[in-house]
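First the structure, in the form of structure tokens, and then the observations on it.
The values are calculated or read from the model by the stated rules, or taken from the named source; none is laboratory data. Quick caveat, the model's predicted, so the values are computed rather than measured. All Cβ positions, glycine included, derive from the backbone under ideal geometry; neighbour counts span all protein chains shown. When the accessible area is computed, the model is the full protein with side chains, heavy atoms only, and any ligands, DNA or RNA have been set aside. Shrake-Rupley method; radii C 1.70, N 1.55, O 1.52, S 1.80 Å.
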Amino acid sequence: MVMVEAWRTLRDWSQVLHKRLWVRLGVFLGALLTLGLLAPATVFAQGQNTGTISGNVKDPQGAAVANAEATLFSVDEQSSIKVKVNGRGEYLFPTVKPGRYTVTVSAPAFQNYTGDGIVINAGENIRFDAALQIGAPTETITVDTDSATVDTRSATVAAVIDPVLVQNLPVDGNNVVSLAALLPGVTDVSAPTTFTSDAGGPSYISSGSRANQNLFQLDGMMWNNVYYNSGLNFPPPFMLQEVSVQLVNFKAQYGRNVGSVFNAITSSGTTRFHGTVWEYIQNQALNASDYLSHTNPHLVQNQFGMTLGGPAWKDKAYFFVGVQDLRSSAEVISNTQLPTAAERGLNPDGTPRPCVSSIWAGKTCASFAGDYPATTDFTKAGVANPFFKTSSSSAGTQALVAIAQSQIASTAATAAGQAQGAQNCYDDLNNLVASSSVRFMPNAEIPSECFNPVTQNLYKKYIPIPTQNGVPVTVPTTLPTMARQPRNDWDGLARADVHFGQHALEAKYYVTSVNDVTANSVSPNGTADANYNLDANSGGIISGNVGDTWAIRPNLLNIFRAGYKRYNYNIVPIDTTTLLDLGETSPIQAILRCRVFRRTHVSPSALETRHGTTRQTRARSSATIPR
């Protein structure tokens, strides 16, 4: 019933969230377009998702050619831009989108000088020098890109991650951040398929910095989860044109973080229609059994999508759209050493277990004899009497005795503790020390009346009695516990690029909708029961940006960009049980009932507004068993 309710909750959230996202899409794009048209031309932003192409122009004698002109032609978009060469024979294209280009340098009385196949990546500086030869302008000298040198204007140590690697390598979830592990100085890479919390998101350690000291960018806009400063998940690899990482000595324009700069560029349309259809399948039938638990967890996961890009208006406008859906029905395993029936004070059939020791005659006891070898002399070893101490006992032992006495006394002070006779436990343990100086509990038994009733109810509700082949185990045994963990993730991307006159406009909208169920008690090194502390989660990202590159004059360029990003998540416990529901009667425990926290982080600027909203609902219960 718990899992059915979880699925209903996730289904309802998903339907509501999708309706809201499509409504917001129209409103959001309209607002951004209005902002872009009304913004003053003097607004300037450094193009963090672009590169540069520069070079020197010289004649056959090595002198600078001051009256030359350089033309940059985009092979992908079939558009061009021209700049004048300055008096020192230098030219610069300062903000070049990643892609394939041809550079042509021309001057009166000289042959044209053309470089083909120049490929530039985000944050990269390409140098292409032109050695002009005397001749007619109708003649052209064409060279390959071997004459182009990289990053002569910067000391940045950077690398480009080819998205094709993510597409072809067996990377779980196809998160592009996972391939940061291939770069020098990068360790502890975390690249989750999906995440629905404020503490999630991709992260890694670069050159000894902390995992939350990296700057993530998507199309030049900050892509960090502003609460924990980890990253947000990027669009699928097929929707990305390029991924680059600047590791050391990056420019001050990036600022903010000292680790590295992880920059992803979304794909754009070109002069030809192109697209991709994909599906990645993970299935229990294709997997081997877990090495430790010797079980093969349930798994049915399909990750599928498609992209399409091309010209919307010949040589003027281009579009690119993509969608992806991930549907996963999985199971998580926790190897747990569960208390046996005897350790709970029960017989194998579930009835109360009578005490063996005559000192506890007529009472029921939990036995921990199964934790020790059969030859153990329990008068000399075993479960220590928590009240035993001598005048020569160390300060640590005396502190532990004080804690044990306080825990049992607090149990005896509650109404439920009084009802089960917890005060008798306190008195009996004291008498064992006072009358007989008993250091170890006889037969490794503890009277059931000593246990906190809230803890006992917690065990009855959440912790099953361990069995093997349907037979209760009598000795401590590590057994697997499993919990279902469904997951859904929908991604959508739309991008448009328009060229008219001296303006190059771009607009992008990206949205995700995620929901899943998480077993918070399961961790890589944890030994908790998998079905305790389950949460139903939902989250989503809404982001977009517009930009305008305006070539006012050959030597004057104006760039405007504005972006918006909102990350929202909700966590609701599937089981709302609190300690009050388990028998706690102390008024102070009322604070453990479900509470709602809302944290909002806003950091606006003239060119970029970042708004992350965090909503969290939790209920947690915990208890300890004094031994």
Problem - Cβ-Cβ under 8 Å pairs, at least 6 apart or on other chains, region 548-570 side under 26 Å from Tyr228 (Cβ atoms) and without any contact (Cβ under 8 Å) to a residue 12 or more places away in the chain, far side open to solvent by 50 Å² or more (accessible area, probe 1.4 Å) and not aliphatic (A, V, I, L, M) - result: none
Exercise for the section: Those residues that are farther than 23 Å from His499 by Cβ, in contact (Cβ under 8 Å) with a residue 24 or more places away in the chain and aromatic (Phe, Trp, Tyr), I need them from region 263-322; list them, please. Expected result: Trp278, Tyr280, Phe304
Exercise for the section: Just give me the residues in region 121-141 being in a strand (DSSP E or B), modelled with pLDDT of 75 or more and not small (Gly, Ala, Ser), in sequence order. Expected result: Asn125, Ile126, Arg127, Phe128, Ile134, Ile141
Problem - Single residue of Gly87, Gly117 found to be in contact with a strand residue (DSSP E or B) (Cβ under 9 Å, 6 or more places away or on another chain), closer than 30 Å to Leu218 by Cβ and open to solvent by 40 Å² or more (accessible area, probe 1.4 Å) - result: Gly117
Practice task
Working carefully through the options Pro447, Pro464, find the one that is within 22 Å of Ile333 (Cβ to Cβ) and either of a type in the set (D, E, K, R) or open to solvent by less than 70 Å² (accessible area, probe 1.4 Å) (or both).
Solution key: Pro464
Exercise for the section: Run down Gln405, Gln420 and say which single residue is under 47 Å from the mean Cα position of the chain (by Cα) and either among the small types (Gly, Ala, Ser) or over 30 Å from Asn335 (Cβ atoms) (or both). Expected result: Gln405
Handout entry: Test: Asp188 is surrounded by fewer than 20 Cβ atoms within 10 Å (Cβ to Cβ) and on the phi > 0 side of the Ramachandran plot
Key = yes
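Considering only residues that are part of a strand (DSSP E or B) and closer than 16 Å to Gln111 by Cα, look in region 59-81 and name the one that is least open to solvent (accessible area, probe 1.4 Å).
For region 59-81, the residue satisfying everything is Ala70.
Let's see how each residue does on (1) part of a strand (DSSP E or B); (2) in contact with a Lys or Arg (Cβ under 6 Å, 6 or more places away or on another chain); (3) closer than 30 Å to Gly544 by Cα; (4) modelled with pLDDT of 50 or more:
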{"residue": "Leu33", "(1), (2), (3), (4)": "no, no, yes, no"}
{"residue": "Val43", "(1), (2), (3), (4)": "no, no, yes, no"}
{"residue": "Val83", "(1), (2), (3), (4)": "yes, no, no, yes"}
{"residue": "Gly87", "(1), (2), (3), (4)": "no, no, no, yes"}
{"residue": "Leu92", "(1), (2), (3), (4)": "yes, no, yes, yes"}
Exercise for the section: Please name all residue pairs, on different chains or six or more residues apart, with Cβ atoms under 6 Å, provided the first residue is in region 490-501 and is open to solvent by 40 Å² or more (accessible area, probe 1.4 Å) and the second residue is among the polar types (S, T, N, Q) and in a strand (DSSP E or B). Expected result: Trp490/Ser513
Handout entry: Out of Gly417, Gly421, sole residue that is without any contact (Cβ under 8 Å) to a residue 60 or more places away in the chain and closer than 19 Å to Cys355 by Cα
Key = Gly421
Exercise for the section: Could you identify the single residue in Ser203, Ser289 that is over 25 Å from Gly310 (Cβ atoms), crowded, with 21+ Cβ neighbours inside 10 Å and of a type in the set (Ser, Thr, Tyr)? Expected result: Ser203
Practice task
Run down Pro348, Pro339 and say which single residue is touching a strand residue (DSSP E or B) at 6+ places or on another chain (Cβ under 6 Å) and part of a loop (DSSP other than H, G, I, E, B).
Solution key: Pro348
Practice task
Pull up region 354-393, narrow it to residues that are among the polar types (S, T, N, Q) and surrounded by fewer than 10 Cβ atoms within 10 Å (Cβ to Cβ), then point me to the one that is nearest to the chain's Cα centre (by Cα).
Solution key: Thr375
Exercise for the section: Among the residues of region 539-566, write down those that are open to solvent by 10 Å² or more (accessible area, probe 1.4 Å) and more than 20 Å from Arg495 (Cβ to Cβ). Expected result: Ala551, Ile552, Arg553, Pro554, Asn555, Leu556, Leu557, Asn558
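Would it be correct to say that Ala312 is over 38 Å from the mean Cα position of the chain (by Cα) and more than 26 Å from Ala483 (Cβ to Cβ)?
For Ala312, the condition - over 38 Å from the mean Cα position of the chain (by Cα) and more than 26 Å from Ala483 (Cβ to Cβ) - is not met.
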Handout entry: Meets criteria (in a strand (DSSP E or B), at pLDDT 90 or above, closer than 30 Å to Gly231 by Cα and open to solvent by 20 Å² or more (accessible area, probe 1.4 Å)) for Gly275
Key = yes
Practice task
Confirm whether Gln423 is surrounded by 15 or more Cβ atoms within 10 Å (Cβ to Cβ), out of contact with any Pro (no Cβ under 6 Å at 6 or more places or on another chain) and over 18 Å from Ser367 (Cα atoms).
Solution key: yes
Practice task
From Phe195, Phe238, Phe250, Phe216, grab the single residue that is open to solvent by 20 Å² or more (accessible area, probe 1.4 Å), within 21 Å of Asn545 (Cα to Cα) and either aromatic (Phe, Trp, Tyr) or assigned to a loop (DSSP other than H, G, I, E, B) (or both).
Solution key: Phe238
